[in-house]
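Here is the structure we will look at, set down as structure tokens.
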Ligand SMILES: [Zn+2]
């Protein structure tokens, strides 16, 4: 095959591969097609690729994983875990309902305990991926506002601070390691996806992130839903970003501008110039609708 033709075939195959996945939220970089693992602490790893970032926390009794990526990524998650430990996976924590964070729950044995915020369980129950026989992969244990799992070096604190990306976003804190996984409440430095069908709220978003930044103490680093690991201070900055976004939208509404006029003239403070703003249209539209209710 001529080189140009081969390249065309490879590109077509790549395009199909990407299309088969759930469309990435606005502003999300193309995901690698092979999982990668990064060591954050001696017993905490971040597995990237195939949807949301997965954390693997190796405790004294087994491996706790936070988020299970898209469907059909379970083996890759497991292979990466096996490259660092022989311990069994005992627990899955789903930060929220989306299929790029819960998609490979079904890869793991039903004996693995699945944990999520109670609204997230209710949202998952509405998904075809968890109906019928697959209901066994739904959360076994839920919490409302706060819950602690395990103790000592293994302690994990789970928090829920209100609506944001969905109405069931957990912040997962590995206490002894001073690291949190925040899921898609902070997916990346950019406009968030506001999933109103699963209870997400652009109006509540800034306060929810602010509460997380203020309430959670003793954390140095945050694993984001889809991007890098940042210093915990990035969460407070992200709350400010969402507040500025809401303020700009509200100011426009007060000035009598339509949603389209607001989108066309949308401007954020300079300090957020590096943030990805690809969700302006979507989020202004959603905030307008929410404030009109
Ligand atoms: Zn999500």
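Filter the range 164-194 down to the residues that are in a loop (DSSP other than H, G, I, E, B) and in contact with a helix residue (DSSP H, G or I) (Cβ under 6 Å, 6 or more places away or on another chain), then identify the one that is nearest to residue 281 (Cα to Cα).
Only one residue tops the list, namely 191.
Which of (1) more than 16 Å from the ligand (Cβ to nearest atom); (2) in contact with a strand residue (DSSP E or B) (Cβ under 8 Å, 6 or more places away or on another chain); (3) modelled with pLDDT under 95 does residue 83 not meet, given it meets every other one?
Condition (3) is where residue 83 drops out.
Matching residues to (1) modelled with pLDDT under 95; (2) part of a strand (DSSP E or B); (3) touching a strand residue (DSSP E or B) at 6+ places or on another chain (Cβ under 9 Å); (4) within 16 Å of the ligand (Cβ to nearest atom):
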residue: 46; (1), (2), (3), (4): no, yes, yes, no
residue: 55; (1), (2), (3), (4): no, yes, yes, yes
residue: 87; (1), (2), (3), (4): no, no, yes, no
residue: 96; (1), (2), (3), (4): no, no, yes, yes
residue: 100; (1), (2), (3), (4): no, no, no, yes
residue: 120; (1), (2), (3), (4): no, no, yes, yes
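Looking at (1) more than 10 Å from the ligand (Cβ to nearest atom); (2) crowded, with 24+ Cβ neighbours inside 10 Å; (3) at positive phi, which is the one condition that is false for residue 183?
Status for residue 183: all satisfied but (1).
Go over the candidates 78, 124 one by one and state the one that is closer than 19 Å to residue 167 by Cα and assigned to a helix (DSSP H, G or I).
Details: 78 fails: closer than 19 Å to residue 167 by Cα.
The match here is 124.
For residue 262, indicate whether it is more than 20 Å from residue 95 (Cα to Cα) and in contact (Cβ under 8 Å) with a residue 24 or more places away in the chain.
yes
Mind checking whether some residue in the range 162-176 is surrounded by fewer than 21 Cβ atoms within 10 Å (Cβ to Cβ), away from the ligand (no atom under 13 Å from the Cβ), free of Cβ contacts under 8 Å to residues at least 40 places away in the same chain and under 14 Å from the mean Cα position of the chain (by Cα)?
First pass over the range 162-176, keeping only residues surrounded by fewer than 21 Cβ atoms within 10 Å (Cβ to Cβ): 162, 175-176.
Right, trim to away from the ligand (no atom under 13 Å from the Cβ) and you get 162, 175-176.
Narrowing the set further to residues that are free of Cβ contacts under 8 Å to residues at least 40 places away in the same chain leaves 176.
Going one step further and asking which of them are under 14 Å from the mean Cα position of the chain (by Cα), we end up with none.
No, the range 162-176 has no match at all.
Determine whether the range 238-250 contains at least one residue that is within 16 Å of the ligand (Cβ to nearest atom), out of contact with any helix residue (DSSP H, G or I) (no Cβ under 7 Å at 6 or more places or on another chain) and either in a strand (DSSP E or B) or without any contact (Cβ under 8 Å) to a residue 60 or more places away in the chain (or both).
No, every residue in the range 238-250 fails to be within 16 Å of the ligand (Cβ to nearest atom), out of contact with any helix residue (DSSP H, G or I) (no Cβ under 7 Å at 6 or more places or on another chain) and either in a strand (DSSP E or B) or without any contact (Cβ under 8 Å) to a residue 60 or more places away in the chain (or both).
Does the range 202-219 contain at least one residue that is within 17 Å of residue 289 (Cα to Cα), surrounded by 23 or more Cβ atoms within 10 Å (Cβ to Cβ) and within 16 Å of the ligand (Cβ to nearest atom)?
yes
With the structure loaded, tell me whether residue 110 is touching a helix residue (DSSP H, G or I) at 6+ places or on another chain (Cβ under 7 Å), more than 16 Å from the ligand (Cβ to nearest atom) and either part of a loop (DSSP other than H, G, I, E, B) or over 20 Å from residue 43 (Cα atoms) (or both) or whether it fails that test.
So residue 110 passes the test.
If residue 70 satisfies all but one of (1) under 16 Å from residue 224 (Cα atoms); (2) touching a helix residue (DSSP H, G or I) at 6+ places or on another chain (Cβ under 6 Å); (3) in contact (Cβ under 8 Å) with a residue 40 or more places away in the chain, what's the number of the condition it fails?
Against the list (1) under 16 Å from residue 224 (Cα atoms); (2) touching a helix residue (DSSP H, G or I) at 6+ places or on another chain (Cβ under 6 Å); (3) in contact (Cβ under 8 Å) with a residue 40 or more places away in the chain, residue 70 comes up short only on (1).
Tell me, please, whether a residue that is away from the ligand (no atom under 16 Å from the Cβ), modelled with pLDDT of 95 or more and at negative phi can be found in the range 193-201.
Here is the first cut: in the range 193-201, the residues away from the ligand (no atom under 16 Å from the Cβ) are none.
Looking through the range 193-201, none of the residues is away from the ligand (no atom under 16 Å from the Cβ), modelled with pLDDT of 95 or more and at negative phi.
Do we find a residue being out of contact with any helix residue (DSSP H, G or I) (no Cβ under 8 Å at 6 or more places or on another chain), assigned to a loop (DSSP other than H, G, I, E, B), at pLDDT below 95 and surrounded by fewer than 21 Cβ atoms within 10 Å (Cβ to Cβ) anywhere in the range 285-293?
There is at least one residue in the range 285-293 that is out of contact with any helix residue (DSSP H, G or I) (no Cβ under 8 Å at 6 or more places or on another chain), assigned to a loop (DSSP other than H, G, I, E, B), at pLDDT below 95 and surrounded by fewer than 21 Cβ atoms within 10 Å (Cβ to Cβ).
The values are calculated or read from the model by the stated rules, or taken from the named source; none is laboratory data. Remember, predicted model here, so these are calculated numbers, not experimental data. Don't worry about glycine lacking a Cβ; one is built from the backbone with ideal geometry, like all the others, and counts go over all protein chains shown.
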